[in-house]
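The values are calculated or read from the model by the stated rules, or taken from the named source; none is laboratory data. Only a predicted model underlies this, so the values are computations on that prediction, with no experimental measurement involved. No Cβ is skipped: glycine too gets one built from the backbone with ideal geometry, and neighbour counts run over all protein chains shown. To get the accessible areas, we keep the full protein, side chains included, count just its heavy atoms, and leave off ligands, DNA and RNA. Shrake-Rupley method; radii C 1.70, N 1.55, O 1.52, S 1.80 Å.
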Amino acid sequence: MDKQDDLLQRRLSRGDALKLAALVGGAGLVAGPASVAGAARARPAAETGALQVLDWAGYGNDGGQSMFAQYVKKYPHSKPRFTYMTNESDALAKLHAGLKPDLFRPYVGWVKYFATSGLVQPWDPSLITNFKHLNPFMVKAGQYNGKQYGIPDDWGFDAILYRSDKVKPKSRSWNLLFDERYKGKIAWFDDLGMLVMTGLYLGFKDPWNQTDAQLQQAQKLLISKKHLVRLIWSSETNLWEAFGSGDVWIAYAWPNDWVQMKKKKLQVVYMHPKEKPVAWVGMFMLLQGTPRPQLAHAYVDAWSSAKSAKWLEDNYGYGHANTLARPASSDLLNALQLANPRAVTEPNAHLDRDIPRRALYAKMWQEVKAA
């Protein structure tokens, strides 16, 4: 047995061996460790059908092809087929409704939730060649009970985008989203995270785990300020249309929204509020019982490469967990603090995290929208 086979064999659990035996007619169990290791390397070729991916708009065949081009080149007969999600709650609803993707991409605040849900299984990082180049802090954020449930890739911030030629903030604060001077020119994001942001603004100790009284206070503020809001967006294209046309001047936004409005030659600022932005890290997750686990690993490996990472930074304005990547734009490098491996955590930002009472937050956010 050579060293590579020995390493791979030690990484295989008994469950892996049994699955391999089924794939190769029991050869892994009959012929010994070398055959098991060889079967593991052959598994992607044995998996068939289109890879089923649940992801956000802009990351499939609608503009994001460069992120997985290396995968398509290697596995042309198992090209990805996409279903789109508008947020994690939408993804969860689709899964409960019977959708069966091989992998999907929620964000870091949902790692614990999905890891304990029974819907996903851990990854095998040894099958992802680019894993060693991923930011260790972000890698750790994708773990639960010592297992790698999330593979970190894209990252960025929830912060405030505004037209500097139209808007004059009184302070560098989340309160710009509640500013009475700009009634009808403000956009909020359609997500329960609005309650988290409001908790940050109100100075709560733990906005992700608010008391009943705090939640009621945050909800009351949002309802009282809802009359200022022209758009509650769930699709970035809707935000871009409204912001680009001048209907909206202030928005709860992501780095790519700043990039897109810069491309439209608008005078825009992406403001990190004094209460700090909320940072997020995209986490690819592997669905429990997927018939294409090895192809899923190969897809994530393509996404995790330095080439894909640089494309993401240059074209979407998001950071990438691959520490070898650097964007062509020095402005973007500075805006995202891409040279800082801890840009997504204190003292720079609040890394998004688990919400123990997520269902209650969701209910209260729906009540804000319905008010």
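A full extension of the chain between Lys274 and Ser235 corresponds to an added length of 11.4 nm, given 0.36 nm per residue minus the alpha carbon distance. On a per residue basis, the convex hull of the C-alpha atoms belonging to segment 274-371 measures out at 174 Å³. The solvent-accessible area of Ser234, taken with every protein chain present and a 1.4 Å probe, is close to 50 Å².
Given an 8 Å cut-off on Cα distances and at least 6 residues of separation, report the relative contact order of segment 186-313 as a percent.
RCO, segment 186-313: 24 percent.
Solvent-accessible surface of the chain, taken per residue with a 1.4 Å probe and all protein chains present: 44 Å².
Judged by the ratio a/c of the largest to the smallest principal axis of the C-alpha gyration tensor, the chain counts as prolate, that ratio being 1.5 or greater while a/b is larger than b/c.
Take every pair of alpha-carbon atoms less than 8 Å apart whose residues are at least six positions apart; their mean separation over the length of segment 124-197 yields a relative contact order of 16 percent.
Apolar share of the accessible surface for the chain: 52 percent from carbon plus sulfur atoms, 1.4 Å probe.
Convert 4 °C to kelvin, take the viscosity as 1.567 mPa s, use the Kirkwood radius over C-alpha pairs of segment 170-293 as Rh, and evaluate the Stokes-Einstein diffusion coefficient in µm²/s, rounded to a whole number. Present the calculation step by step, with values, prior to reporting the outcome.
On the way: Rh = 16.0 Å.
Approximately 81 µm²/s, per Stokes-Einstein.
Please state, to two decimals, what the Cα-based radius of gyration of segment 82-203 comes to when divided by 2.2 N^0.38 Å (N = residues). Walk me through the intermediate numbers first.
Details: Rg = 18.5 Å, N = 122, 2.2 N^0.38 = 13.7 Å.
Rounded to two decimals, the normalised Rg is 1.35.
Given R₀ = 22 Å, FRET efficiency for Asn334-Lys265 by Cβ-Cβ distance, to 0.05? Walk me through the numbers on the way to the answer.
On the way: r = 21 Å, r/R0 = 0.93.
According to the calculation, E is roughly 0.60.
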